[in-house]
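Please read the structure below before turning to the comments.
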Amino acid sequence: MRLRHIKGCEDFITDAKECIREDKAIELKGSIQDIFEEKRPLQIEIGMGKGQFIRNMAIAHPDINFIGIEKYESVLMKAIQRKRNLEKDKSIENLRFLCADAKKLSEIFEAGEVDKIFLNFSDPWPKDRHANRRLTSPDFLNIYDTILKKDSVIEFKTDNVGLFEYSLEVVKDSKWKLDFCSFDFHSEKESEGNIMTEYEEKFSSQGNKICKMIISR
Ligand code: SAM
């Protein structure tokens, strides 16, 4: 998702108290949980877009801290504005945002610091020459391997069958194990209680099937 540039979004992100930028997060390595009022288990969504999923996860699980990660400031600004709109009733203390490229995550999080990673409707980058930009490429899985706690999982949903099949191949050739796999997740009993992302709502309402995998190592 790349929104047109929104005038003033850089200053908005710099001033937003619920958001931290990549350079500051790198300085904070090892104490990133200082951005929360309380330390709790930590779950992150990489490429959260406008943040519908992570917002609803944070509301549903107040005992967990969530960080929504997004590289584009204009997109992140929308996520922050939507969080603030919801907070007119009650503040969401366990949700913070990180403006960063996923490439930098091992410079930001300590080894084993993250309890779960969500990848939702990641950009497919269909051309072979862009395969290393896919968030399920071997290089990205190696980054997740360093920051994810032992015995923890990555949950990945997409409607893009090409990206899903590519990701299955990457997993097969790696140390990661496939714990769950469905090409039609919404028809599975495991989808009970599923929290939908913005893209998931849009594409499933158009009749697209949603694929999901859970991997661990
Ligand atoms: N997860 C949301 C959903 O399911 O509705 C948004 C999906 S959108 C297609 C993918 C998002 O990932 C975009 O907002 C994009 O800017 C972000 N993204 C892509 N590559 C990224 C990277 N390397 N680091 C951080 N964010 C990234």
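The values are calculated or read from the model by the stated rules, or taken from the named source; none is laboratory data. Nothing here was measured: the structure is a model prediction, and the numbers come from that model. Don't worry about glycine lacking a Cβ; one is built from the backbone with ideal geometry, like all the others, and counts go over all protein chains shown. Only protein heavy atoms, including side chains, enter the accessible area calculation; ligands, DNA and RNA are left aside. Shrake-Rupley method; radii C 1.70, N 1.55, O 1.52, S 1.80 Å.
When Rg and the Kirkwood radius Rh are both evaluated on Cα atoms of the stretch 92-135, their ratio Rg/Rh stands at 1.03. The ellipsoid that matches the Cα gyration tensor of the stretch 10-124 has semi-axes, each √(5λ) in whole angstrom, of 18, 16, 15, with the longest given first. Residues in the chain average 51 Å² of solvent-accessible surface per residue, probe 1.4 Å, ligands and nucleic acids excluded.
Rolling a 1.4 angstrom probe over the stretch 1-135 with all protein chains present gives an accessible area of which 46% lies on carbon and sulfur atoms. Straight-line reach from residue 88: taking Cα to Cα under 17 Å and skipping same-chain neighbours fewer than 8 places apart, the aspartates and glutamates in range are 18. Remark: the chain carries a charge dipole of roughly 420 debye about the Cα centre, counting +1 on each Lys and Arg Cβ and -1 on each Asp and Glu Cβ.
Projected label points at residue 26 and residue 205, each 7 Å from Cα along the beta carbon direction, are separated by 4.0 nanometres.
Here each label is just a point 7 Å from Cα along the line to Cβ, and for residue 187 and residue 89 those points are 3.5 nm apart.
Here the accessible area of the stretch 136-217 is 51 percent carbon and sulfur, with a 1.4 angstrom probe and all protein chains present. Candidate cross-link partners of residue 39 among the lysines, defined by an alpha-carbon separation under 23 Å and a same-chain spacing of 8 or more, comprise 17, 24, 29, 83, 90, 104, 116, 149, 150.
Within the same chain, aspartates and glutamates fewer than 8 places from residue 103 are excluded, and of the rest, those with a Cα less than 15 Å from its Cα are 22, 23, 45, 70, 123, 139, 145.
The share of Cα pairs per 5 Å bin across the stretch 130-217, counted from zero up to the longest distance, runs 3, 13, 25, 24, 18, 13, 4, 0 percent.
Kirkwood Rh, the stretch 44-195, all Cα pairs: how many Å? Let's see the in-between values first.
Values: mean 1/r = 0.0611 Å⁻¹.
Across the stretch 44-195, the inverse of the average 1/r is 16.4 Å.
Centre-to-centre, using Cα atoms only, the stretch 56-131 and the stretch 11-50 are separated by 9 Å.
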